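A.B. asks: One structure coming up, written as structure tokens, with questions to follow.
The values are calculated or read from the model by the stated rules, or taken from the named source; none is laboratory data. These numbers were taken from a predicted model, which means no experiment stands behind them. FYI the Cβ positions are ideal-geometry reconstructions off the backbone, even for glycines, and counts take in every protein chain you see. We work out accessible area using only protein heavy atoms, side chains counted, and drop any ligands, DNA or RNA first. Shrake-Rupley method; radii C 1.70, N 1.55, O 1.52, S 1.80 Å.
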Amino acid sequence: MEDIVDTGRTIREVRRLLENKGANDVRIVSLLDKPDRRVVDIEADYVGFTVPNEFVVGYGLDFNQCYRNLPYIGVLKEEAYR
């Protein structure tokens, strides 16, 4: 289970580790999917929402330890992180 599949590198490595430990089947479940940022060939099996290539925060997703506790998912304005 993943919060967001972005580049795909982390979840690809997690899948590889589980398969190397003998898992017969590995399914990826993600609240958010950001396919425009993908740099490896991997897709989640189950996705809550597909999001554009923008900086999203809330529901545990943060920027500089801020916005993690928002009760919704929002887009951070570019001027906040540039």
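A.B. asks: Over the stretch 8-54, calculate the relative contact order: mean separation of alpha carbon pairs under 8 Å at least 6 apart, over the residue count, as a percent.
C.D. replies: After rounding, I find 40 percent.
A.B. asks: I would also like to ask the following. With a Förster radius of 30 Å, plug the Cβ-Cβ distance of ASN20 and ASN53 into 1/(1 + (r/R0)^6) and report the FRET value to the nearest 0.05.
C.D. replies: About 0.45, to the nearest 0.05.
A.B. asks: Something else now. Give me the dipole magnitude in Debye, nearest 20, for the chain about the Cα centre, with unit charges on the beta carbon: positive for Lys and Arg, negative for Asp and Glu.
C.D. replies: 180
A.B. asks: So how tilted is helix 9-20 from the main axis of the chain? Cα-based, degrees 0 to 90, rounded to 10.
C.D. replies: Once rounded, the angle reads 20 degrees.
A.B. asks: Hey, another quick one. For the chain, what is the calculated [θ] at 222 nm in deg cm²/dmol (nearest 500), taking -39500 (n - 2.57) for each run of four or more DSSP H residues and dividing by its residue count?
C.D. replies: -4500 deg cm²/dmol
A.B. asks: Under unit Cβ charges (Lys, Arg +1; Asp, Glu -1), what dipole magnitude, rounded to 20 debye, does the stretch 40-82 have relative to its Cα centre?
C.D. replies: 280
A.B. asks: How much of the accessible area of the chain, probe 1.4 Å, is carbon plus sulfur, in whole percent?
C.D. replies: 47
A.B. asks: With every protein chain present, what is the per residue accessible area of the stretch 14-77 (1.4 Å probe, Å²)?
C.D. replies: Counting only protein heavy atoms, the per-residue value for the stretch 14-77 is 72 Å².
A.B. asks: State, as an integer percentage, the relative contact order of the chain based on alpha-carbon contacts under 8 Å between residues 6 or more apart.
C.D. replies: It comes to 24 percent, rounded to a whole number.
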